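None of the figures in this text is laboratory data; all of them are computed from the coordinates on show. As the structure is a computational prediction, the values presented were derived from the model and not from experiment. Please note: Cβ atoms are built from the backbone with ideal geometry, for glycine as well, and neighbour counts cover all protein chains shown.
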Amino acid sequence: MLIRKATDIHSSEITPKEAFFDRRKFVVGAASLGVGAIAASRISAVLSPGTSVMADEALKTVASKYTVSDAQTPFAKATHYNNFYEYGTDKSDPGRNAHTLHTRPWTVQVTGMVKKPQTVNIDDLMKYRPIESRVYRHRCVEAWSMVIPWDGYSLSEFINFCQPLPSAKYVQFFSLVDKKQMPDLPGGYDWPYREGLRMDEAMNPLTLLTFGCYGNVLPNQNGAPVRIVTPWKYGFKNGKSIVRFHFTDKQPQTTWNEISSQEYGFYSNVNPNVDHPRWSQGHERRIDSSVFPKTVPTLMFNGYGDQVASMYNGMDLKKFY
Amino acid sequence: MPNRLIPYVKAVVHLLCLVPLALLLYRFKQDNLGADPVNTITHFTGDWTIYLLLISLAVTPVRRLHAKLSNLIRFRRMLGLYAFFYATLHLATYVFLFSGYDVPTAIAGVKAGHLGEIVTQFKLVWPTMWDDILQRRFIQVGFAAWVILLALAVTSPQFVLRAMGGKNWQRLHRLVYVAAFLGVVHFWWLVKAGVRTPWKDTAVLMLLLLARLAYTAWKRRRSSKTAARMPVSASRT
């Protein structure tokens, strides 16, 4: 049962409605002023009203010990450089197109090897546990990386709520697929987008059930209203806009693994010693506030080895990439 | 086109070919190259290499359409040279920005009077680059295409043509088809599985090659007809 605690009440619920909507107006006004001032910049232009970036709702968050001190990627870059193929295969497409995604009403199904299959409402899901603000390194398989403040709580909390059977060994998650909300859904892919984790990986406290970033609810292009963030794995392991969690005893099929298994393994741990067939994974372009991203060496498990390496003891990570 | 206009048109073509570069520099100045400028610059210079190669390959089929278009040939060499220019920028992007070459440190070194810093930094990334050249087929075909364009560029001056002799020169310069083909293959092998972005470039290249095949077939048929009608002149050839 999703029991509401006093600390879980939304700031939007506390704020008087008039004041809340005024605040929105204020944000829109400020953004359009900004656009006038720096119209030539594409990043500022996308902040204009009507596009999906208009983050609506601030989240009430608590601090977290799972926070790195690396310089953060600016919000505009993290929200306009996205791989969300349902909204186009170019990284600038989702920021332009994802405004057609409707995040309410939204439910998340729990299916498979659980005591009781059920459907959870997104607003209940968001109130289930205090939302922590965690700053994670995010490494893309394409050799760029960001540092993003995500807001959510450990997926393990939700998995405990789901009550999986002891026989469940994996959890698979499914993203939304809806031609109406995704008019340019590319052909040639077997939608919906599927990803999955071994149960111990899913239960690792680092694995974040994510509802927001930068203190606001997730912008659509970043996987609103709920996504997974697994910071020691390449970004594509992190399913966006999730509609279903499925518990199973077999290693689930995952989208990129299905498309090209020699390039995208099931584990997809960040590993500088296992090259992508088309480029080295030994370094990454760290996207921060500078014009040209600095190239930095890639760390094993993206630098989260202390917390996660023990889960892979005895496994040949070149074989299980 | 009257011959006396050609120098002016050439100036215009020069300017047009430099517009993409100017646009790129303008976007850089405006800090408008997106979140990952290295990625943007790599794709931009690569795209324009292929565009200019395709435009230069289009010259011949277009000029065959009408006698008045025949002096378009005067622009083909410069279009090809601009394709090589953008290909070289593309390669430089790979070497200095993509590979992990530490440009700021190299610049700081040069400013401090240590010219050797340029080489020192290169030595640091060379193992990765060598790895790429040995292992990655999309880099191999891309590099091969650049080498071909380099060969065509250095043999492009008139005096080299004369020194080589027309036949040899033409044989070498037919490699431009190979370069364009490798360029498109490079593009296909680079994109992720399922992405179809290179299909437009591929379609245009195929169209241009088909136009040539069709023209050759048409000419052969015409000349055989002519030969049938005029056996005397045919026997002379």
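Odds and ends about this structure:
- Rounded Å value of the spacing that divides the Cα centres of the stretch B:110-180 and the stretch A:206-248: 44
- Taking each of A:K294/B:K111; B:K10/B:K111; A:K115/A:K240 in turn, the alpha-carbon distance tops 27 angstrom for B:K10/B:K111.
- Summary of packing: across the peptides B:17-24, B:91-98, A:213-220, the per-residue average of other C-beta atoms within 10 Å ranks them, highest first, as A:213-220, B:91-98, B:17-24.
- Percent of alpha-carbon pairs separated by more than 39 Å within the protein assembly as shown: 39
- Cα convex hull, the stretch A:14-309: 139 Å³ per residue, rounded to a whole number.
- Here the peptides A:104-113, B:108-117, B:41-50 are ranked by packing, the mean other Cβ count within 10 Å, and the order with the highest first is B:41-50, A:104-113, B:108-117.
- For the stretch A:79-149, the Kirkwood estimate of the hydrodynamic radius, built from every pair of different alpha carbons, is 15.3 Å.
- Per-residue average of Cβ from other chains inside 10 Å of B:192-198: 6
- Highest mean first, the peptides A:226-233, B:131-138 sorted by other C-beta atoms within 10 Å per residue fall in the order A:226-233, B:131-138.
- Geometric extent, Cα atoms of chain B - Rg, Dmax (angstrom): 21.9, 79
- Relative to the dominant Cα principal axis of chain B, helix B:76-93 is inclined by about 20°.
- Partner chain coverage, peptide B:26-35 - average Cβ within 10 angstrom: 6
- The mean count of C-beta atoms from other chains within 10 Å of the C-beta of residues in A:114-126, rounded to a whole number, is 0.
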